[in-house]
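Okay, so here's the structure we're looking at.
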Amino acid sequence: MSDTAPIEHPAWLTGGDFTEADEPLRLFAAWFAEARRTEAVNPDAMALATVDRDGLPNARMVLLKAFDDQGFVFYTNLDSVKGRELADAPKAALTFYWKSLQRQVRARGSVEPVSKEEADAYFATRSRMARIGAWASKQSAALESRLAFEKAVAVHAAKFAIGDVPRPPNWSGYRVVPQEIEFWQERPFRLHDRIAFTRSTVGAPWRKTRLYP
Ligand SMILES: Cc1cc2nc3c(=O)[nH]c(=O)nc-3n(C[C@H](O)[C@H](O)[C@H](O)COP(=O)(O)O)c2cc1C
């Protein structure tokens with residue numbers, strides 16, 4: 001017998017029935033890892049839904065840049081439409097759809113800004129041009145022409161020609177802290193599998209429910 005015990009993987013993780021899972025972030029990690037292997041483009045793309053002041057929903061795609069038990073992180077311009085909507089109503093819903101796996105994951109909950117340190121650390125991993133673009137884009141504001149944007153990029157490229165490109169003060173990340181996470185797997189004849197997890201607060205135990213498709 002060897003000194004190191006083999007790592008015990010639950011059956012649902014090793015090809016068994018995912019509806020046996022009892023910890024949604026672990027199941028998300030397993031599905032996301034699989035999507036990264038199978039999805040042709042942007043396995044990290046997720047629809048982000050917010051609401052405006054009139055309660056009118058708004059959805060757009062963003063990229064998942066980090067996740068853990070605390071939540072799902074994306075980055076954006078804080079003065080954009082989504083940034084303003086989240087300032088007014090800091091709640092959101094996320095939807096992933098991985099076509100190659102015929103799987104959907106939905107999550108919703110409250111939204112918190114990430115720390116300056118976390119945003120700085122992620123910003124530093126972006127390419128120089130993407131960092132300059134973050135300065136040049138007044139995301140969601142009216143733009144008179146493509147040329148005007150290219151000029152703004154050139155102006156900021158010149159401004160930051162020497163040295164580092166710091167993170168713009170209006171560019172940062174948000175963490176969607178899930179209260180609900182739902183997993184959906186397509187099955188033949190539309191007899192799909194769905195399980196939903198809910199918790200009252202972060203740190204509270206997850207409650208699992210199987211749902212009709
Ligand atoms: C696949 C994909 C990924 C995107 N990722 C982001 C992102 O991570 N952050 C972001 O601000 N916009 C991202 N966008 C652009 C947004 O969908 C949206 O156009 C932009 O953020 C402005 O949205 P708003 O006016 O509602 O604020 C992405 C678009 C696509 C299609």
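The values are calculated or read from the model by the stated rules, or taken from the named source; none is laboratory data. Please read all numbers here as calculations on a predicted model, not as lab measurements. All Cβ positions, even for glycine, are placed from backbone atoms using ideal geometry, and neighbour counts span all protein chains on display.
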Given the options G109, G163, G83, G173, name the one that is buried (at least 18 other Cβ atoms within 10 Å of the Cβ) and over 30 Å from E23 (Cα atoms). G83
Number of positions in segment 50-99 that are modelled with pLDDT of 95 or more and assigned to a loop (DSSP other than H, G, I, E, B): 13
